[in-house]
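A.B. asks: Structure provided below as structure tokens; questions to follow.
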Amino acid sequence: MLLFKKLYRTLFKYKSQFISMILMITLGVGVFVGMNAEWKSLKTDSDRYYDETNYSDYWLYSENAEGFSREDIESVKSVKGVNMAQRRLTVDTVIDGLEKTVSLNVYDEYLVSKNHLVSGEDYDEDKDGVWLNDKFADLNNISLGDIITLKYSTYSIEAKVLGLIKNPEYMYAVENETQLMPEFDNYGYAFVSPDTFKNITGFEVYNQILIKSDMSKEELEKELEKALPVSTLLLERKEQASYAMMLSEIDEGVTFGNLLPVIFLMIAVLTMITTMRRITVNEKLQIGTLKALGFRDAKIIRHYSFYGLFIGVIGALLGIIMGFGLCRMIVNPNTMEGTCFDMPYWRLYAPGWTYIVTAAMVLMLTFISFLSTKNMLKGTAAQALRPQTPKKVKTLLIEKTKLWNRLSFGTIWNIRDIFRSKMRTLMSFTGVLGCVILLVAALGMKDTMSAFLNIMYEDICNYKYGVNIAENSDKESVDSLVRSVDGDTVSTLSINMDGDPYELDIYNVTHDLYHIIDKDNKVIELKNDGAYVCIRIAEKFGVKAGDNISFKIYGQSDEYDVRVAGVVRSIMAESIAISEKYAKEKGIDAPVRMIYTNSEVDSSDYDCVAKVETLQDTIASFDTFMQIMYEMIIIIAVAAIILGIVVLYNLGVMSYTERYKELATLKVVGFKDKAIGRLLIKQNIWITIAGIIVGMPCGKALLAYLISRLAGEYELFTRINWTTYVFTFMLTMGVSVLVSCLIAGKNKNIDMVEAMKGDE
Amino acid sequence: MSKIIEFINVTKTYTSGEHTLNALDNVSFELEKGSVVVVLGPSGAGKSTLLNLLGGLDSPTSGRIVVNGRDISDLSRNELSDYRASTVGFVFQFYNLIQTLTVRENVELVKEITPNAVDPIDMLERVGLKDHKNNFPGELSGGEQQRVSIARALAKNPEIILCDEPTGALDSETGAMVLNTLQELAVNNGKTVVIVTHNQNIAKMADTVIRVKNGRIKSFENNDVTLSAFDIEW
Ligand SMILES: Nc1ncnc2c1ncn2[C@@H]1O[C@H](COP(=O)(O)OP(=O)(O)OP(=O)(O)O)[C@@H](O)[C@H]1O
Ligand SMILES: [Mg+2]
């Protein structure tokens, strides 16, 4: 097979081009498949988990101490459209010996939000024992058969660990809202049967009802209002931290998956188009010869199209492997997503359409080579045999200016070359652009997060200890504690505005331990003149300072009307902040949830203290989160740099090959290797600078878009430090100079004698 | 007249695999300053090899090449570049102009490598192409392009001009014009011009004729009477 031999030789001859093309496609497909497999895997795995455990659709919270009665649950069950309902008690307990928080669950029936069994016996309400989260158990060296004691109020629940389990409601389990990342070793959860609980405590109370229903929240709310005597708080799945976190992680994945790979795939295809065209132009004589030898057009076209197919298939296969590798780095029970979610399933799946897109891409690549060859085969064999005439050089507009004559010949040469090879230039530019955009966005993401943490922990939180107050604590003892530690306090209420739940935070800040910030992240004083609403609420309800806004408190029927005193940034919860004095004026009263203080408090000294956390610990919990962030940023940055290197190298080699004869001529005339190298580097540097100039604002825009998409539930801002710009500039420039030097180094090997001989 | 070029026992050996081939085999000769030298010989004789060694494009395997009293046979790459930039001008069969530079820019570029450069416009005037200075090479005829490459070689103001088949791609009339330009350089400006060619007739305009065969010098003659380039029959 003559053509087969030729195929092999051609592949060898253009090996660097073929390798670049394969690399680009691998990178493109890899990022594409990887990023989409990430969310698809999370979605499939979590859905499987939800299905298996019959994860609840709605949660109904009781606002009074008695909880939900037997009549209540019967009325909920009888509501048309409610498929299943079950009562639940969830309380925070402290595990004896370890002094860590364990959230204890008691189900009156075991139908909804069941457990996934990891080891031991499955939950059975007739058995006397405790079922404990396996991750917490492992990290604290608790094993099956151990006896543990959970302290709740004055009771001690002592039981044998019968099973290690996972529960979907604790998939993303944080102890309280100030934490961003779960700490699996510090916060666990457990289940005991209602009988076990009742035998020890002597009472049976359920503060929640879990509901399975296909109704919408509004419909269900209306029905429940009729069925139940008091107003209650109804939350749906996406209002639950665990589900919401997974959902936003998946959404985030979809956003990334739809955006970033486009840059890579586009550049891969563009690289392919330019490179294939160059190769076929170079091969024109060969193509013509084959034609003159009597090969049919179809056969020649098939031969050359095969290159595209070959490159495409190899690149796509490697890309899919790389994609799953990337995905495994992220979707992994032990690393990135694993530090966030506690899930039983971690299988990888790529969306079916990613394979279709990949296949379409391979076809497209084949088609590109088909078109490039067809272009060369136009006309008779004699015409095909003639070398491709170089495009005629046109006089550029700037040449008319005076300045032109002052330019060095190298500059002139490079400018003309850029204009002669517009496509190639555009490609290099796009490569640099992509690299810069990705770097700025990735590093900017880190800047934004750091700035956010800074504001959170430098400006907002000015205390050392946060003392969480136990529910139903005695007001007197809380007040005396506040006085004795010179504390500031916050109370939190759930409020209802237009049917949606928000948070009302009542602050009593007299020691300057807690601050609120305005839109520009400036600390402002919380005065007694009205309510400070967060930006999201202000936008949603179209209010500004001076307007009025009204809300209802869950569990009460009164409507409160308050004056908006200002708009503030509340990074996490959608909330309204008011001072305690203003709350009193309006007749709003709520128990203290947390005391901010600089004095150390020992939780065992006070009955009313549930837990004391140091600000230091909370900051540390963010470190895990930042770690994940860094890993993600590194992946993106590395991909960006590879992208830059491959594109620039490929095009650099192309430009070098095209100008080979001219470079040889310069050498003959007496130019030194270094001088010629400088000429080659010059052009790359110009293009790189142009790419950087355009790329930086684009990167900023991408970051703003990503933040708005990814952190829509937070009130974030974008922040890009100048160091990010400097670093991006240096990195991109470094890559460009490095690649240029590699190519410039080639000119040492130019064979002048050979090059002067003739055309072919 | 003074001696400008001296080849002393020069051998150039090419090795490809097992084969070794002496493209030049122990060649020695001397050339006078200001003379027109024509190198003749059949294809593969070693003419281009000789010219390339003289021009510093390559170094001999053994022997010495002395130009202007300086031994160029073991110069480093950079020294060879300097030598090419300052001492020799090349003219090839395929004009080897840079397509993206105008005629004027093609000539002007030598300014960047040698301080001796002369005014490019003067050189273009000399080869009769002043009016075409803003054209691109692609817009000129073959003979015109060849004259641009002569102008480029001249602009460096070199002592020696080396031409490998300068008229190979030209018809007789343009060929004669190109040769005439070269001859004038020797006669009027004292440049040493070495022309490699297949064409026996060109030898009639030479002061010195070197015949090469199988890498050796077959004959070395000095002509007493030389013809003008325009009087040569093609
Ligand atoms: N780079 C090389 N490697 C191996 N052999 C070479 C190389 N260059 C030239 N030769 C051989 O050296 C010999 C002399 O070559 P040269 O180019 O000097 O011939 P020439 O006299 O110029 O021929 P022509 O008139 O055809 O141009 C030839 O036999 C050629 O095959
Ligand atoms: Mg030759």
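A.B. asks: Pairs under 8 Å by beta carbon, first residue of a type in the set (S, T, Y) in the stretch B:164-190, partner within 16 Å of ligand 1 (Cβ to nearest atom), six or more apart or different chains?
C.D. replies: Short answer, once both residue conditions are applied: B:T167/B:T197; B:T167/B:N199; B:T167/B:I202; B:T174/B:T167.
A.B. asks: Then there is this: Is it true that some residue in the stretch A:660-675 is over 25 Å from the mean Cα position of the chain (by Cα), on the phi < 0 side of the Ramachandran plot and away from chain B (no Cβ under 14 Å)?
C.D. replies: No; the residues of the stretch A:660-675 include none that is over 25 Å from the mean Cα position of the chain (by Cα), on the phi < 0 side of the Ramachandran plot and away from chain B (no Cβ under 14 Å).
A.B. asks: Please indicate, with yes or no, whether at least one residue in the stretch B:103-124 is more than 16 Å from ligand 1 (Cβ to nearest atom), of a type in the set (S, T, Y) and outside any helix (DSSP H, G or I).
C.D. replies: Looking for residues that are more than 16 Å from ligand 1 (Cβ to nearest atom), of a type in the set (S, T, Y) and outside any helix (DSSP H, G or I), one finds at least one in the stretch B:103-124, hence yes.
A.B. asks: Oh, and also: All but one of (1) of a type outside the set (V, I, T); (2) within 18 Å of A:D607 (Cβ to Cβ); (3) surrounded by fewer than 21 Cβ atoms within 10 Å (Cβ to Cβ) hold for A:G487, so report the exception by its number.
C.D. replies: Answer for A:G487: the failing condition is (3).
A.B. asks: State which residue is nearest to ligand 2 (Cβ to nearest atom) when the search covers only the stretch B:1-27 and only residues that are free of Cβ contacts under 8 Å to residues at least 40 places away in the same chain and among the small types (G, A, S).
C.D. replies: The selected residue is B:S16.
A.B. asks: Among the listed residues B:S35, B:S86, B:S43, B:S48, identify the single one that is more than 16 Å from ligand 2 (Cβ to nearest atom), farther than 30 Å from A:S421 by Cβ and either facing another protein chain (nearest Cβ under 9 Å) or surrounded by fewer than 19 Cβ atoms within 10 Å (Cβ to Cβ) (or both).
C.D. replies: Only one candidate passes the filter, namely B:S86.
A.B. asks: Run down B:S81, B:S73 and say which single residue is hydroxyl-bearing (S, T, Y), assigned to a loop (DSSP other than H, G, I, E, B), away from ligand 1 (no atom under 16 Å from the Cβ) and within 20 Å of A:M752 (Cα to Cα).
C.D. replies: Every option except B:S73 fails the conditions.
Yes/no matrix, rows are residues, columns are (1) of a type outside the set (A, V, I, L, M); (2) not assigned by TED's automatic domain parsing to the domain that holds A:A573:
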position: A:A470; (1), (2): no, yes
position: A:E476; (1), (2): yes, yes
position: A:D479; (1), (2): yes, yes
position: A:M497; (1), (2): no, no
position: A:E503; (1), (2): yes, no
position: A:Y507; (1), (2): yes, no
position: A:T510; (1), (2): yes, no
position: A:Y514; (1), (2): yes, no
position: A:K522; (1), (2): yes, no
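A.B. asks: Right, another one. Please specify each residue of the stretch A:552-569 satisfying the condition of being over 14 Å from A:T492 (Cα atoms) and either surrounded by 15 or more Cβ atoms within 10 Å (Cβ to Cβ) or touching an Asp or Glu at 6+ places or on another chain (Cβ under 9 Å) (or both).
C.D. replies: Passing the criteria: A:Q556, A:Y560, A:V562, A:R563, A:V564, A:A565, A:G566, A:V567, A:V568, A:R569.
A.B. asks: For the stretch B:134-178, enumerate the residues that are among the aliphatic types (A, V, I, L, M), away from ligand 1 (no atom under 16 Å from the Cβ), part of a loop (DSSP other than H, G, I, E, B) and within 14 Å of chain A (Cβ to nearest Cβ).
C.D. replies: B:L140 - this is the single residue of the stretch B:134-178 that is among the aliphatic types (A, V, I, L, M), away from ligand 1 (no atom under 16 Å from the Cβ), part of a loop (DSSP other than H, G, I, E, B) and within 14 Å of chain A (Cβ to nearest Cβ).
A.B. asks: Is it the case, given these coordinates, that B:R70 is surrounded by 15 or more Cβ atoms within 10 Å (Cβ to Cβ) and away from ligand 2 (no atom under 14 Å from the Cβ)?
C.D. replies: Judged against the criteria, B:R70 is not a match.
A.B. asks: Considering every residue within the stretch B:94-101, establish whether at least one is surrounded by 18 or more Cβ atoms within 10 Å (Cβ to Cβ), within 7 Å of another protein chain (Cβ to nearest Cβ) and at positive phi.
C.D. replies: yes
A.B. asks: Related question: Identify, from the list A:V106, A:V118, the residue that is of a type outside the set (D, E, K, R), in contact with a Phe, Trp or Tyr (Cβ under 7 Å, 6 or more places away or on another chain), in the same structural domain as A:N207 (by TED's automatic domain parsing) and outside any loop (DSSP other than H, G, I, E, B).
C.D. replies: Checking each option against the conditions leaves just A:V106.
A.B. asks: Against the condition within 14 Å of another protein chain (Cβ to nearest Cβ), among the basic types (K, R) and away from ligand 1 (no atom under 16 Å from the Cβ), how does B:K191 come out, does it pass?
C.D. replies: no
A.B. asks: Name every residue in the stretch B:151-169 that is hydrophobic (A, V, I, L, M, F, W, C) and within 16 Å of ligand 2 (Cβ to nearest atom), in order of residue number.
C.D. replies: Result: B:L162, B:C163, B:A169.
A.B. asks: Let me ask something additional. Which residue is nearest to B:E6 (Cα to Cα), if the candidates are limited to the stretch B:171-196 and must be out of contact with any Pro (no Cβ under 8 Å at 6 or more places or on another chain) and within 16 Å of ligand 2 (Cβ to nearest atom)?
C.D. replies: Filtering first and then ranking leaves B:V194.
The values are calculated or read from the model by the stated rules, or taken from the named source; none is laboratory data. In this text, all values refer to a predicted model and were calculated from it rather than measured experimentally. Ideal geometry is used to build each Cβ from the backbone, glycine not excepted, and the neighbour counts take in all protein chains shown.
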